[in-house]
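Structure, as structure tokens:
Coordinate-derived values only; no laboratory data. For clarity, every value in this text was computed on a predicted model and none was experimentally measured. As a convention, Cβ positions derive from the backbone with ideal geometry for all residues, glycine included, and neighbour counts pool all protein chains shown.
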Protein chains: 2
Amino acid sequence: MPPTSETLTAERILEATEEVLRRHGPAKATVVDVARALGVSHGSVYRHFRTKAALREAVTKRWLDRTSERLAGIVAAEDRDPEQRLRDWLAALFAAKRHKAGDDPELFATYTVLTDELGGVVQDHIADLTAQLTRIITAGTEAGVFRAADPTAAARAVFQATGRFHDPCYAREWTAPGVDDEFTAVVDLLVRGLRG
Amino acid sequence: MPPTSETLTAERILEATEEVLRRHGPAKATVVDVARALGVSHGSVYRHFRTKAALREAVTKRWLDRTSERLAGIVAAEDRDPEQRLRDWLAALFAAKRHKAGDDPELFATYTVLTDELGGVVQDHIADLTAQLTRIITAGTEAGVFRAADPTAAARAVFQATGRFHDPCYAREWTAPGVDDEFTAVVDLLVRGLRG
């Protein structure tokens, strides 16, 4: 049990919440479990997150944000070729999701349950990712590499057309033989489509 | 109860099985229920389908085949423009799945459970559909409308990239506002990609 004198931050609570979720699963994890893991009263947790629902939302957002943050660097590298950045971004998204699913299957299953319940948090995450894609496609259009009349609509189409390689409902396909070739075939087709 | 003198065909058994599945759900439906619905002994059913598993496979295959059969006409219309046939085929697949999900949600849910269990039947169905798509893309390549070095790989990529509009895991998105525009955006992008 960590010393209670250590400052209780929202981040420390979220770390402990993830650990509790990993151990107990989404159905059984309670705020009391989180408080116990931190050696504090549940009132101290409620001072940071006013309800159990708010805590679950925040921990799920943190889990999803870890992926968007990994990808932000590819979007920001504006000196690089937009087509290559698009390919790298899609590959990095697939890799991030595949790692999450493969490295810690229990936690991935837990967050899949939470994201099913928390539609709003997922919508925000998809909006974040689509905005990143829009920036890359806009850069490609400005550079004359892509021809997209509506980069936002094109970004949404690219995101949806690659769902097989990032949507949790396909997680069991991500280790199938040939899946990397399938990914490349879809991305090649979409890139050719964006070139117009 | 229908007269037992009527010839007991595999098709009549499958019709009755679907009705029993609709009424009892996939977990509870038994061969005895099917026999009772037909007014025959369960031995008579077993003469056509040697196990309960074989019966479940056959009824699921019949359900999936109904979709492939609807699409086969579009593939066969070889005098028509391949690009338009591709668009029609994808739209007809989306429409067929959306109707199945919306017109009879209980039966759709039942078959979603069955297809989750019967991976081989689903693989055959996907192979059927991909073979149909391959024929259209090959025709387009021969006509010079499409440029696909490997029409089979291109067909698989098109099928996977449109998963959002035919895979049951997205069924709840199919009535969302804007889904038809999203479908069109994805198909336009893929068609441009095939044109090369």
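Observations on the model:
- Partner shielding of A:183-192 amounts to 6, given as the average count of beta-carbon atoms from other chains within 10 Å of each residue beta-carbon.
- All alpha carbon pair distances within region B:1-50 were sorted into 5 Å bins beginning at 0; the resulting P(r) in whole percents reads 4, 23, 36, 25, 9, 2, 0.
- Peptide A:62-69 has a mean shielding of 0, counted as Cβ atoms of other protein chains within 10 Å of each residue's Cβ.
- FRET efficiency for the A:A72 to B:T30 pair, using the beta carbon distance and R₀ = 41 Å, is estimated at 0.15.
- With the Kirkwood sum run over all distinct C-alpha pairs, region A:148-192 has a hydrodynamic radius of 11.4 Å.
- Kirkwood-based shape ratio for region A:62-147, expressed as Rg/Rh from alpha carbons: 1.04
- Which listed pairs, of A:K52/A:K100; A:K52/A:K97; A:K97/B:K97; A:K100/B:K28; B:K28/B:K97; A:K100/B:K52, have C-alpha distances above 32 Å, in listed order: A:K100/B:K28; A:K100/B:K52
- Neighbourhood charge, 11 Å Cβ-Cβ cut-off, centred on A:A96 and excluding it, Lys, Arg +1 and Asp, Glu -1: +3
- Exposure proxy ranking for A:E11, B:E83, based on other Cβ atoms within 10 angstrom of each Cβ and starting from the fewest, stands as A:E11, B:E83.
- Top of B:P151, B:P26, B:P105 by mean-square fluctuation, Gaussian network on chain B, Cα under 10 Å: B:P105
- 14 Å beta-carbon shell around A:R164, net charge (K/R +1, D/E -1): -1
- For peptide A:163-170, the mean count of partner chain Cβ atoms within 10 Å of a residue's Cβ comes to 4.
- Against the rule of thumb 2.2 N^0.38 Å, how large the Cα Rg of region A:10-96 comes out: 1.45
- Exam field: B:G102 pseudo-label spacings to other copies (7 Å along Cα-Cβ), nanometres: 3.9
- Per residue, the convex hull spanned by the Cα atoms of chain B measures out at 125 cubic angstrom.
- Taking region B:1-50 and dividing mean pair separation by its residue count, relative contact order in percent (alpha carbons under 8 Å, at least six apart): 42
- Per the Debye formula on identical point scatterers at the alpha carbon atoms of the protein assembly as shown, with no solvent, log10 I(q)/I(0) at q = 0.06, 0.08, 0.14 Å⁻¹ is -0.32, -0.55, -1.22.
- Only Cα pairs under 8 Å and 6+ residues apart enter the sum, and on that basis the relative contact order of region A:61-195 stands at 28 percent.
- Charge sum, other residues only, whose C-beta stays under 9 Å from A:V75's C-beta, Lys/Arg counted +1 and Asp/Glu -1: +1
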